[in-house]
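The values are calculated or read from the model by the stated rules, or taken from the named source; none is laboratory data. Because the structure is predicted, anything quoted here is derived from the model rather than measured. Note that each Cβ is placed from the backbone with ideal geometry, even for glycine, and that neighbours are counted across all protein chains shown. In case anyone asks, the SASA skips ligands and DNA or RNA and just uses the protein heavy atoms, side chains included. Shrake-Rupley method; radii C 1.70, N 1.55, O 1.52, S 1.80 Å.
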Amino acid sequence: MVRTQVQLTEAQWARLKAKAHAEGVSLAELVRRAVERFLEEEGEGYEGQARRALLAVGRFASGQRDVSEAHDRYLEEAFGRLP
């Protein structure tokens, strides 16, 4: 392994430290996992992002029967006027 230094805000450090403690791993291990995930996502490009998005299709139920037709209205209700 290569040793390196990064600077974090106190809030970032505290949140990472708490998460590491909760998961029973070191802060360094959490950082390595985050870097690996970032590199994997960067390497996927559009095709990988599209594949991941398609994996989410059909996994959630809104309770609405017309989402495919009225999605813009539902988004506007949830998040305000769309650009």
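Scanning segment 8-17 for residues that are surrounded by 13 or more Cβ atoms within 10 Å (Cβ to Cβ) and part of a loop (DSSP other than H, G, I, E, B) yields a count of 1. Going by the conditions given, is GLY45 under 20 Å from the mean Cα position of the chain (by Cα), open to solvent by less than 100 Å² (accessible area, probe 1.4 Å) and not aromatic (Phe, Trp, Tyr)? Spelling it out, GLY45 is indeed under 20 Å from the mean Cα position of the chain (by Cα), open to solvent by less than 100 Å² (accessible area, probe 1.4 Å) and not aromatic (Phe, Trp, Tyr).
The single residue among GLU40, GLU44 that is under 30 Å from TRP13 (Cβ atoms), part of a helix (DSSP H, G or I), touching a Lys or Arg at 6+ places or on another chain (Cβ under 8 Å) and modelled with pLDDT under 85 turns out to be GLU44.
With respect to the conditions (1) open to solvent by 100 Å² or more (accessible area, probe 1.4 Å); (2) in a loop (DSSP other than H, G, I, E, B); (3) closer than 29 Å to ARG52 by Cα, GLN5 falls short on a single one, namely (3). Within segment 52-64, identify whether any single residue is over 30 Å from MET1 (Cα atoms) and surrounded by 10 or more Cβ atoms within 10 Å (Cβ to Cβ), and answer yes or no. Checking segment 52-64: at least one residue is over 30 Å from MET1 (Cα atoms) and surrounded by 10 or more Cβ atoms within 10 Å (Cβ to Cβ). Per the listing ALA20, ALA28, the residue uniquely of a type in the set (A, V, I, L, M), open to solvent by less than 100 Å² (accessible area, probe 1.4 Å), part of a helix (DSSP H, G or I) and in contact with a helix residue (DSSP H, G or I) (Cβ under 6 Å, 6 or more places away or on another chain) is ALA20. For segment 57-66, the criterion of being without any contact (Cβ under 8 Å) to a residue 60 or more places away in the chain, of a type in the set (A, V, I, L, M) and part of a helix (DSSP H, G or I) is satisfied by no residue at all. Report, by residue number, each residue of segment 69-83 that is open to solvent by 100 Å² or more (accessible area, probe 1.4 Å) and in a helix (DSSP H, G or I). Scanning segment 69-83 gives GLU69, ARG73, GLU77, PHE79.
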